[in-house]
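Worksheet: the structure to be examined is printed underneath.
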Amino acid sequence: MTALPFPLAEPSDAALKAGTALFRQETTFLKGVVAMDGLPPDDRLEVCFAGRSNVGKSSLINALTGRRGLARASNTPGRTQEINYFTLAELYLVDLPGYGFANAPVRVVERWQRLMKDYLSGRATLRRAFLLIDARHGPKAVDDEIMGLLDRAAVPFQTVLTKADKVKAADRDRILDATRAVLARHPAAFPELVLTSSEKGTGIDTLRAVIAGLA
Ligand SMILES: Nc1nc2c(ncn2[C@@H]2O[C@H](COP(=O)(O)OP(=O)(O)O)[C@@H](O)[C@H]2O)c(=O)[nH]1
Ligand SMILES: [Mg+2]
């Protein structure tokens, strides 16, 4: 067997330190954006968190920043209809509306899905998209579709598996490999994965280090 592609990211001690130092600074909410012309000036790099509704985007931002109520997390899928901008030092962290199932009228959903896709394919200062996937399920067709959009827009994306605390140990490797098989078809996929739990704190320091490496 050859070595599997897409290993789990293992940042160096120096990278971990840089991550801790970056996220020790205060993250603040900048604005909620409902249309492309409402995006803040593209005067700094940004990273975004994309993924299906309820995958854990907002919870992950809260875990990274250590601020529980910063990004609004919700049990009701598809409630975030805006692109939410947070400022962290010389970087923007961007919480995107989810895709897939949403608890809102079709026309409203279409509008914000369009916004999310326009953002993902048209934001020049977007340094990397973190594509969140529920670690219990692996990628779904709709994730594959967004990956295709990112390929075409040449936006590098890195997969972050969420809710690791809910995965049975026996299922973990199978789901990781299923994820790798999908990523292997996507040229824009960054070749390392991050496995996280916002609940337990797993992988949060790793993701901080990855982001600090981009800042
Ligand atoms: N067990 C567990 N639940 C999580 C985790 N992250 C998020 N959740 C839960 O999943 C639901 C959706 O989270 P949210 O951050 O609002 O997802 P979003 O729609 O992608 O922003 C909430 O009930 C969260 O408490 C995690 O790491 N572990
Ligand atoms: Mg959210």
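The values are calculated or read from the model by the stated rules, or taken from the named source; none is laboratory data. Just so you know, these numbers come straight off a predicted model, no measurement behind them. With ideal geometry, Cβ positions are generated from the backbone for all residues, glycine too; neighbour counts draw on all protein chains shown. Just so you know, the surface numbers come from the protein's heavy atoms only, side chains and all, with ligands and any DNA or RNA stripped out. Shrake-Rupley method; radii C 1.70, N 1.55, O 1.52, S 1.80 Å.
About its Cα centre, how strong a charge dipole does the chain have in debye, to the nearest 20, once Lys and Arg get +1 and Asp and Glu get -1 at the Cβ?
Working: 29 positive and 24 negative charges, 102 e Å.
Roughly 480 debye for the chain.
Remark on the chain: ratio of C-alpha radius of gyration to 2.2 N^0.38 Å is 0.95. Within the assembled protein chains, the solvent-accessible surface assigned to F101 is about 140 Å², based on a 1.4 Å probe. Take every pair of alpha-carbon atoms less than 8 Å apart whose residues are at least six positions apart; their mean separation over the length of segment 65-215 yields a relative contact order of 18 percent.
Could you pull out the pairs from K117/K140; K17/K200; K17/K140 whose alpha carbons sit more than 23 Å apart here? Could you put the intermediate results ahead of the total?
On the way: K117/K140 17 Å; K17/K200 20 Å; K17/K140 34 Å.
Pairs exceeding the cut-off: K17/K140.
Which values, in whole Å and largest first, are the semi-axes of the equivalent ellipsoid of segment 73-154 obtained as the square root of 5 times each eigenvalue of the Cα gyration tensor? Walk me through the numbers on the way to the answer.
On the way: eigenvalues 79, 54, 41 Å².
Computed over segment 73-154, the values are 20, 16, 14 Å.
Using just its DSSP H runs of length 4 or more, each adding -39500 (n - 2.57), the chain gives a mean residue ellipticity at 222 nm of -11000 deg cm²/dmol after division by all residues.
Test of understanding: given the chain, find the longest segment containing no GluC sites (Glu not before Pro) that are in a DSSP loop and have at most 12 other Cβ atoms within 10 Å. Present the calculation step by step, with values, prior to reporting the outcome.
Values: sites that count: E26, E90.
My reading of the result: 91-215 is the longest stretch.
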